1. Given the structure, is R93 of a type in the set (K, R), free of Cβ contacts under 8 Å to residues at least 60 places away in the same chain, closer than 21 Å to S12 by Cβ and touching a Leu at 6+ places or on another chain (Cβ under 7 Å)?
2. From Y29, Y17, which residue is outside any loop (DSSP other than H, G, I, E, B), surrounded by 13 or more Cβ atoms within 10 Å (Cβ to Cβ) and on the phi < 0 side of the Ramachandran plot?
3. It is to be established whether one or more residues within region 64-75 are touching a residue at least 12 places away in the same chain (Cβ under 8 Å) and buried (at least 20 other Cβ atoms within 10 Å of the Cβ).
4. Could you list all residues from region 37-51 that are part of a loop (DSSP other than H, G, I, E, B) and on the phi < 0 side of the Ramachandran plot?
5. With respect to V86, is the statement that it is surrounded by 13 or more Cβ atoms within 10 Å (Cβ to Cβ) and part of a loop (DSSP other than H, G, I, E, B) true?
6. Exactly one of these conditions fails for Y91: (1) farther than 18 Å from Q33 by Cβ; (2) surrounded by fewer than 10 Cβ atoms within 10 Å (Cβ to Cβ). Give me its number.
Amino acid sequence: MTKRTEDFLPLSQATYYILLSLRDIRHGYAIMQDVEEISHGDVKMGPGTLYGALSKLEKQHIILKAEANQEDRRKYYRLTSLGKEVLRLEYKRLESLVKNAQGIIEELEGE
């Protein structure tokens with residue numbers, strides 16, 4: 001049975017930021033730095049979390065190892081087309097959550 005793109009959702013916060021970071025090909029340490037930067041310091045990822053997530057994402061065919069310079073021992077990763085679609089759908093899902101709650105939150109703040 002083939003998984004539908006929606007079956008990968010919802011993403012964890014860490015996974016979402018990893019996929020955002022892989023808008024460019026990056027190696028592990030660069031992903032950790034970029035995640036911290038794009039989350040404005042809200043998400044600080046350790047190597048265990050990162051490499052566990054990368055392994056899972058690779059098995060799901062959401063990311064792939066990218067070709068790197070032979071002398072560079074680091075592993076580089078990139079999004080697959082499935083990964084791009086999963087990221088786009090998760091963005092739409094989160095956007096919908098915020099939009100649906102906006103009026104209610106504004107009401108609560110007015111009390």
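1. no
2. None of the others qualify; the one that does is Y17.
3. No; the residues of region 64-75 include none that is touching a residue at least 12 places away in the same chain (Cβ under 8 Å) and buried (at least 20 other Cβ atoms within 10 Å of the Cβ).
4. Passing the criteria: S39, D42, V43, K44, M45, G46.
5. No: the conditions fail for V86.
6. (2)
Results for (1) under 15 Å from T15 (Cα atoms); (2) among the acidic types (D, E), shown as yes or no for each residue.
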| residue | (1), (2) |
| --- | --- |
| G41 | no, no |
| T49 | yes, no |
| L54 | yes, no |
| L57 | yes, no |
| E67 | no, yes |
| Y76 | no, no |
| L79 | yes, no |
| R88 | yes, no |
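No value in this document is a laboratory result; all are computed from the given coordinates. Source: prediction; values computed, not measured. Positions of Cβ are generated from backbone atoms using ideal geometry, with glycine treated the same way; all protein chains shown enter the neighbour counts.
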